[in-house]
Amino acid sequence: MAPTTQRRRLATTAAAKASSSSKVRKVVKPRPRTPSTATANKSPAVLAEMEPQLLRIAESQRTEFEKRVWAALCQIPRGRVTTYGLLSAHLGTSPRAVGNALRRNPFAPDVPCHRVVATGGSLGGFKGSWPKDGEGITITEKKRLLRGEGVKLDDRGRVLGTVWSGFE
C-alpha cells in the first residue's frame with residue numbers, strides 16, 4: 001500500500017473511532033495539493049510511528065471533539081507547520097476551540113500540537129501558555145521541538161516558509 005494511502009487510512013480510522021457514528025463526515029473539501037505537500041515525509045517508517053498515536057487517541061477517555069483535533073494533528077508532516085485557522089477550517093470550528101483542545105493534549109509531543117502556529121508565523125501558545133513577551137519555558141520548548149524537526153525561525157521567533165494545508 002502506498003505511504004500516502006496508508007497514512008490517510010490510519011487518520012481516517014482514528015477519526016472514525018473518535019466519532020459517535022461509523023462514518024467520518026468531511027466538513028471542508030480538501031484543498032488541491034502540490035506533489036511536494038502530498039508526499040512530504042510520508043515514509044513507511046513515519047507511518048508506522050503514527051499508528052500507535054492514532055490508536056491511543058481513539059482509545060482515550062476524552063471528548064469526541066478533542067479526538068478529532070488530535071487525529072488531524074497526526075496528518076501534519078514532521079518539519080512542517082500549520083495554523084490554528086487552517087486546522088479549525090478543516091474541522092469546521094473556531095481557532096479558539098482548536099487551541100483549547102491542543103492545550104489539553106496529553107500525548108504531546110508524540111501527537112504534534114507544537115506544529116500548530118498563529119497566523120503570520122508567530123508561535124502562539126504551547127501547553128496552555130500564551131506568553132505576552134514571546135518567551136517562557138513552554139515557548140522555549142516549542143522552539144526546540146520545531147527546530148529539532150528542521151523548521152526555520154527568524155530572529156523574532158516566527159516560522160519561516162509556507163504553512164502546510166494538506167489536510168484530508
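Read the figures in this text as sums done on the coordinates, not as results from a lab. Keep in mind that this is a model prediction, so the values were computed, not measured. Glycine also receives a Cβ, built like all others from the backbone with ideal geometry; neighbour counts cover every protein chain displayed.
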(message) Given points 7 Å out from each Cα along the Cα-Cβ axis, report the residue 156 to residue 119 separation in nanometres with one decimal.
(response) 1.7
(message) With 10 angstrom as the radius, rank 147, 103 by how many other C-beta atoms surround their C-beta, starting from the fewest.
(response) 147, 103
(message) Ranking request for peptides 67-78, 148-159: highest mean number of other beta-carbon atoms within 10 Å first, then the rest in descending order.
(response) 67-78, 148-159
